[in-house]
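The values are calculated or read from the model by the stated rules, or taken from the named source; none is laboratory data. Worth saying up front: this structure is predicted, and the values here are computed from it rather than measured. In this analysis, Cβ positions are derived from the backbone assuming ideal geometry, glycine residues included, and neighbour counts consider all displayed protein chains.
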Amino acid sequence: MGTGERRERFETPSGIELERLYGPDEVPIAYDADLGDAGSLPFTRGIHPTMYRGRLWTMRQYAGFGTAEETNARFRYLLESGQTGLSIAFDLPTQMGYDSADPMAEGEVGRVGVAIDTLDDMRRLFEGIPLDRVSTSMTINATAPILLALYVALADERGTPRSSLRGTVQNDILKEFVARGTYIYPVEASLRLVTELFAFCAADVPKWNPISISGYHMREAGATATQEIAFTLANGREYIRCALGAGLALDQTPVPDDSDRSPRVPDADRTWLTLGLTYSHTRNLSFDLGYAHLFVDDPELDDVSDNNDPTQPFPAGLTGFHSVSGSYDSAVDIFGAQVNWRFN
């Protein structure tokens, strides 16, 4: 080749050619517009002025399997081991609104997550766990209003103020229509449930994030990194449009965002702002990043990957991450298992 390089062309997974070296002429930067200070627009250097000097990121494993009792034991072990938040995986019947006793649920109950059918299940899931002292993330979409209602009902039963509850429901139904398929109702009715959950959280559970817009599912379904961000931002705009159409004020509509690769996070953040979709709670903007990288026949390599991947988004300012609970079974049971990170 005459250049001493291993091949003629180097490129990203999306096919974008990489030059050998990038200098100031190739990457011109306007400090205020492109970089700025930490804690200031466009948040390229992080959303808090002190960043990790003030507070480390939230750490949580994506966990849930079998019965509520089994998952509760796992949660308590993780919290005792130093985990600072919970991330719940629900089984497919729960995701699709089927009771565990329904014939359609046969063979799937408790398989890729915990089975939650009733308030009693939620009681057993959080036995011994104070709801006002832990942040809880629920990866749930079509049945998000129901699962959050059970969580709030449990808090009410315990006398825990709703205002003290912290957490997130994914509630991103559009990506279910695009990539995953766990939707139940038609698009319009589904979007109405999404925006009604926005309104409920704004009024009753103000510390709760009512949506976490996801892009990595579309990447796993075949989109490039650029398409992933574009589709995710487009979904975000639609949620904003629906919320405004339902009469919600813009600052009552915290719409997190999602991307796939940590170097792209600042770009997506700036793009969101450029589109004019910022609002008074811009710092609630979040990115849930994912990698479809686990392999059934190489679980020990998966363990290495799961431990290495969270180091990549730190320079982009992540404030929390959750990883899959165990590489030995996740690649078998979780389609597109991933490490998830959060910027909020």
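Results for (1) closer than 22 Å to Leu150 by Cβ; (2) among the acidic types (Asp, Glu); (3) in contact with a His (Cβ under 7 Å, 6 or more places away or on another chain), shown as yes or no for each residue.
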{"residue": "Arg6", "(1), (2), (3)": "no, no, no"}
{"residue": "Glu17", "(1), (2), (3)": "no, yes, no"}
{"residue": "Tyr22", "(1), (2), (3)": "no, no, no"}
{"residue": "Ser40", "(1), (2), (3)": "no, no, no"}
{"residue": "Asp99", "(1), (2), (3)": "yes, yes, no"}
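Could you check segment 115-227 for helices (runs of 4 or more DSSP H) lying wholly inside it with 1 or more residues that are modelled with pLDDT of 95 or more and among the hydroxyl-bearing types (Ser, Thr, Tyr)? Walk me through it before giving the result.
Values: elements: 119-125, 144-158, 187-204, 216-220.
Result: 144-158, 187-204.
Would you check if Ile173 is within 14 Å of Thr71 (Cα to Cα) and either without any contact (Cβ under 8 Å) to a residue 40 or more places away in the chain or surrounded by fewer than 19 Cβ atoms within 10 Å (Cβ to Cβ) (or both)?
Criteria not met by Ile173.
Restricting attention to segment 142-165, which residues are free of Cβ contacts under 8 Å to residues at least 40 places away in the same chain and under 21 Å from the mean Cα position of the chain (by Cα)?
So the first thing to find is which residues in segment 142-165 are free of Cβ contacts under 8 Å to residues at least 40 places away in the same chain, and the list is 149-151, 153-161.
Correct list: Ala149, Leu150, Tyr151.
Can you go through Ala223, Ala179, Ala189, Ala234 and tell me which one is farther than 30 Å from Glu11 by Cβ and small (Gly, Ala, Ser)?
Numbers: Ala223 fails: farther than 30 Å from Glu11 by Cβ; Ala179 fails: farther than 30 Å from Glu11 by Cβ; Ala234 fails: farther than 30 Å from Glu11 by Cβ.
Only one candidate qualifies: Ala189.
Among Glu108, Glu69, which is under 15 Å from Met122 (Cα atoms) and in contact with a helix residue (DSSP H, G or I) (Cβ under 6 Å, 6 or more places away or on another chain)? Don't jump to the end; show me each part of the working.
Working: Glu108 fails: under 15 Å from Met122 (Cα atoms).
Within the list Glu108, Glu69, the selection yields Glu69.
Quick one: would you say Ile88 is of a type in the set (A, V, I, L, M, F, W, C), part of a loop (DSSP other than H, G, I, E, B) and touching a helix residue (DSSP H, G or I) at 6+ places or on another chain (Cβ under 9 Å)? Break it down stepwise before answering.
On the way: of a type in the set (A, V, I, L, M, F, W, C): yes; part of a loop (DSSP other than H, G, I, E, B): no; touching a helix residue (DSSP H, G or I) at 6+ places or on another chain (Cβ under 9 Å): yes.
Taking the combined requirement at face value, the residue does not satisfy it.
Filter segment 118-175 down to the residues that are under 12 Å from Lys207 (Cβ atoms) and of a type in the set (Asp, Glu) and list them by number.
Asp132
Taking segment 57-91, which residues are within 19 Å of Thr168 (Cβ to Cβ), among the hydrophobic types (A, V, I, L, M, F, W, C) and in contact (Cβ under 8 Å) with a residue 24 or more places away in the chain?
Trp57, Met59, Ala63, Phe75, Leu79, Leu86, Ile88, Ala89, Phe90
Considering only segment 87-109, state which residues are of a type in the set (A, V, I, L, M, F, W, C) and within 23 Å of the chain's Cα centre (by Cα).
Restricting attention to segment 87-109, the residues satisfying the condition of being of a type in the set (A, V, I, L, M, F, W, C) are 88-90, 92, 96, 101, 104-105, 109.
Matches in segment 87-109: Ile88, Ala89, Phe90, Leu92, Met96.
Quick check on segment 100-108. Is at least one of its residues in a helix (DSSP H, G or I), surrounded by 14 or more Cβ atoms within 10 Å (Cβ to Cβ) and of a type in the set (Gly, Ala, Ser)?
yes
Can you find even one residue in segment 36-49 that is on the phi > 0 side of the Ramachandran plot and either surrounded by 19 or more Cβ atoms within 10 Å (Cβ to Cβ) or part of a strand (DSSP E or B) (or both)?
Scanning segment 36-49 turns up at least one residue that is on the phi > 0 side of the Ramachandran plot and either surrounded by 19 or more Cβ atoms within 10 Å (Cβ to Cβ) or part of a strand (DSSP E or B) (or both).
Could you run through segment 169-221 and say how many residues are over 13 Å from Thr139 (Cβ atoms) and touching a His at 6+ places or on another chain (Cβ under 8 Å)?
The number of residues fulfilling the criteria is 2.
Given the conditions (1) polar (S, T, N, Q); (2) modelled with pLDDT of 80 or more; (3) exposed (fewer than 15 other Cβ atoms within 10 Å of the Cβ), and given that Ser87 satisfies all but one, which numbered condition is not satisfied?
(3)
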